[in-house]
Amino acid sequence: MDMETFDDISVMAGTLWGEARSEGEQGMIAVGNVIMNRVAAKSWYGDHIKGVCLKEWQFSCWNDNDPNKQKILELDYTDDAFCKALTLSYYFTKNKIDDNTNGATHYHTKAISPKWAEGKTPCAEIGEHLFYNDIE
């Protein structure tokens, strides 16, 4: 495996863990699909997994002020959710996971109502997250 792929897998796994570890496998798969849908869009999101995940202000777990960022940087293989996230990330890089979000490129938790989601209809609801594919 080349270093770029490893970086993609490890950064994606950190993102899945940071954004959806409490949502279980389907929640982590949903966040992974958002990442892959953004990669496929080849737009301002970026054109590879690592770049999409680390794009400023796109996945809150990587924001400097988010407590998850330091936790992600300290993860190891003793964390079961991280091991699951690593496995899922590997399968995403091999295109082995179906999209359970109906093409979503955005999401938020049900606990918040971001301005960008006003007037938009979610294309999927998975756990405590709402997903959208009609964001411009």
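Excluding same-chain neighbours fewer than eight residues apart, the lysines reachable from LYS94 by a Cα-Cα span under 21 Å are LYS42, LYS50, LYS84. Within a straight-line Cα-Cα reach of under 19 Å, LYS120 can be paired with the following aspartates and glutamates, leaving aside sequence neighbours fewer than 8 residues apart in one chain: GLU128, ASP134, GLU136. Partner aspartates and glutamates whose Cα lies under 20 Å from the Cα of LYS69, excluding those fewer than 8 positions away in the same chain, are identified as ASP7, ASP8, GLU19, GLU23, GLU56, ASP79, ASP80. Checking every one of the trypsin sites (Lys or Arg not before Pro) in region 15-57 against DSSP loop status and a limit of 10 other Cβ atoms within 10 Å picks out LYS42.
The accessible area of VAL52, taken with all protein chains in place and a 1.4 Å probe, comes to roughly 0 Å².
As a ratio to 2.2 N^0.38 Å, the alpha-carbon radius of gyration computed for the chain takes the value 0.97. Our summary gives the chain a relative contact order of 27 percent, counting only alpha carbon pairs under 8 angstrom and 6 or more residues apart. Computed extension length for GLU74-ASP98: 5.7 nm, one decimal, from 0.36 nm per residue of separation with the Cα-Cα distance subtracted. Between the Cα long axis of helix 80-93 and the first principal axis of the chain there is an angle of about 80°, rounded to the nearest 10.
For the chain, the longest principal axis of the Cα atoms and the long axis of helix 24-41 meet at an angle of about 80 degrees. Loop only per DSSP, at most 13 neighbouring Cβ atoms within 10 Å: give me the GluC sites (Glu not before Pro) in region 1-104, ordered by residue number. Taking region 1-104 and a limit of 13 other Cβ atoms within 10 Å, the loop GluC sites (Glu not before Pro) found are GLU56, GLU74. Rounded, prolate or oblate: which fits region 62-136, taking a ≥ b ≥ c as square roots of the Cα gyration tensor eigenvalues, rounded meaning a/c under 1.5, else prolate when a/b beats b/c? It comes out oblate by the Cα gyration axes.
The values are calculated or read from the model by the stated rules, or taken from the named source; none is laboratory data. Keep in mind the model is a prediction, meaning the values are calculated, not measured. We place every Cβ from the backbone using ideal geometry, glycine too, and count neighbours over all the protein chains shown. Ligands, DNA and RNA are stripped out before the accessible areas are found, and what is left, the full protein with its side chains, is counted by its heavy atoms. Shrake-Rupley method; radii C 1.70, N 1.55, O 1.52, S 1.80 Å.
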